[in-house]
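The values are calculated or read from the model by the stated rules, or taken from the named source; none is laboratory data. Predicted model, so just to flag it, every value in this text is computed and none were measured. So basically every Cβ, Gly included, is an ideal-geometry build from the backbone, and we count neighbours across all protein chains shown. For accessibility, only protein heavy atoms count, side chains too; no ligands or nucleic acids. Shrake-Rupley method; radii C 1.70, N 1.55, O 1.52, S 1.80 Å.
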Amino acid sequence: MQRTPRDASAIILVKEDKILLAQRNPEIAFLGGWHAFSGGKLDECDCDIEVRNLQDTELARFIVCAVRELFEEVGVLIVRNGEKLTRGQRASLHDDLISGRSTFAEILDDWGLWIDASDFHYTGYWTTPNFSPVRFKTRFFIAHCPPKQTPYEAISEMQNPEFVTPDDALGRWSRSEILISPPVL
């Protein structure tokens, strides 16, 4: 039985010459234990947030999804005017989002933050093969890690986030030290 893929987004977070990889929690049904970029499925609320400097509303919602997922999973917030936030304020906003006290849109509005499309480079999408019991059509974006922000295990979904060179990641994969799915490779 062929399942319809769910829309999703992921960010390839870059810092200097390294990319952020994290291990998906082994308890998660879809690719548990595999290393991946931060990302996840599109939420309905992602469609309601404006992305500046972008006319393509279809692509805008995937940028919002990627930004929200990155913040949820590893605590990195790629927004304009975000440099004014302290680490403690970001942690508090993260807690508000995860606990449901505030929506992502409310956090952006209340703190005068916005998403700018020029901070992201769209690289394309990958769709999980038909044989997979869970399928996603994931849009991938490249973005730079904001200064003074360090990824951490913000929720249990992504573990051991680390910046690695692409060559190091591929070397670890080729030595069977880590599992990496085809789109991440």
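Quick grid of which residues meet (1) open to solvent by less than 90 Å² (accessible area, probe 1.4 Å); (2) closer than 23 Å to GLY33 by Cα:
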position: ASP119; (1), (2): yes, no
position: ARG135; (1), (2): yes, yes
position: GLU153; (1), (2): no, yes
position: ASP167; (1), (2): no, yes
position: LEU170; (1), (2): yes, yes
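This table checks each residue for (1) touching a Pro at 6+ places or on another chain (Cβ under 6 Å); (2) closer than 20 Å to HIS94 by Cα.
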position: PHE120; (1), (2): no, no
position: LYS137; (1), (2): yes, no
position: GLN149; (1), (2): no, yes
position: SER156; (1), (2): no, yes
position: PHE163; (1), (2): no, no
position: ASP167; (1), (2): no, no
position: GLU177; (1), (2): no, no
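When GLY124, GLY171 are screened for being more than 16 Å from the chain's Cα centre (by Cα), more than 24 Å from GLY82 (Cα to Cα) and either assigned to a strand (DSSP E or B) or not basic (Lys, Arg) (or both), only GLY171 passes. The residue that is farthest from ASP109 (Cα to Cα), among those in the range 43-64 that are open to solvent by 20 Å² or more (accessible area, probe 1.4 Å) and touching a Ser or Thr at 6+ places or on another chain (Cβ under 7 Å), is ASN53. Is it the case that the range 89-105 has a residue that's of a type outside the set (Val, Ile, Thr), at positive phi and loosely packed, with under 13 Cβ neighbours inside 10 Å? Within the range 89-105, one or more residues are of a type outside the set (Val, Ile, Thr), at positive phi and loosely packed, with under 13 Cβ neighbours inside 10 Å. Exactly one residue out of PHE120, PHE131, PHE140, PHE104 is touching a Gly at 6+ places or on another chain (Cβ under 7 Å) and among the hydrophobic types (A, V, I, L, M, F, W, C), and it is PHE140.
Looking at the range 137-151 only, could you name the residues that are among the basic types (Lys, Arg) and buried (at least 18 other Cβ atoms within 10 Å of the Cβ)? ARG139, the sole residue that qualifies.
For first residues located in the range 34-47 and among the basic types (Lys, Arg), partners that are at pLDDT 95 or above and open to solvent by less than 60 Å² (accessible area, probe 1.4 Å) and lie 6+ apart or on another chain with Cβ distances below 6 Å form the pairs LYS41/ALA8.
Looking across the range 65-88 at every residue that is closer than 21 Å to LEU20 by Cβ and of a type in the set (Val, Ile, Thr), the one that is surrounded by the fewest Cβ atoms within 10 Å (Cβ to Cβ) is identified as VAL79.
Within the range 139-154, being of a type in the set (D, E, K, R) and in contact with a Leu (Cβ under 9 Å, 6 or more places away or on another chain) holds for one residue alone: ARG139.
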